[in-house]
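Below: one structure, written as structure tokens.
The values are calculated or read from the model by the stated rules, or taken from the named source; none is laboratory data. In this text the structure is predicted, and so the values were computed from the model without any measurement. Cβ coordinates were reconstructed from backbone atoms using ideal geometry, including for glycine residues, and neighbour counts include every protein chain displayed.
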Amino acid sequence: ARAAAEAAAEALRRELEEARRDRAAADGLEEMERRLIAATEASRLTAQENKVLKAMVHSECEERTAILHQLAALQMQFGLPVTVAGAAPHGGGWAPAAVPAAPQPPPP
């Protein structure tokens, strides 16, 4: 009877140890799931921020182009040499180039 009780106790110890390992594995999986959710959320926010920044850069470039056109028109209006900033897209810097002025009508 004692041997049977010891065997049963050993079986219970093994079951308890296995349950502890299973619980530790489940806790590890839950932690990985929480980290995955956090990383996914951070990635989504980064993608959204990227879209916003791209839209802002596009808007600023359009505004810059419009201002340069206005500048060229004013230079022509006042008979100044017309310069237009031609640049590589997004960050290429200024590359001023002379643009021939439009022919002026003869004075009256």
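Any chance segment 40-48 includes a residue that's among the basic types (Lys, Arg), modelled with pLDDT under 90 and in a helix (DSSP H, G or I)?
Going residue by residue through segment 40-48, those that are among the basic types (Lys, Arg) are 44.
From what's left, modelled with pLDDT under 90: 44.
Next, from what is left, pick out any that are in a helix (DSSP H, G or I): 44.
For segment 40-48, residues among the basic types (Lys, Arg), modelled with pLDDT under 90 and in a helix (DSSP H, G or I): present.
Residue-wise test of (1) of a type in the set (Ser, Thr, Tyr); (2) more than 43 Å from the chain's Cα centre (by Cα); (3) not in a helix (DSSP H, G or I).
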position	(1), (2), (3)
Ala3	no, yes, no
Glu15	no, yes, no
Glu18	no, yes, no
Asp22	no, no, no
Glu31	no, no, no
Gly79	no, yes, yes
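Every test in (1) in contact with a Cys (Cβ under 8 Å, 6 or more places away or on another chain); (2) modelled with pLDDT of 85 or more is passed by His90 save one, and that test is (2).
Selection within segment 37-71: residues that are closer than 26 Å to Val84 by Cα and of a type in the set (Ser, Thr, Tyr). The member of this set that is surrounded by the fewest Cβ atoms within 10 Å (Cβ to Cβ) is Ser59.
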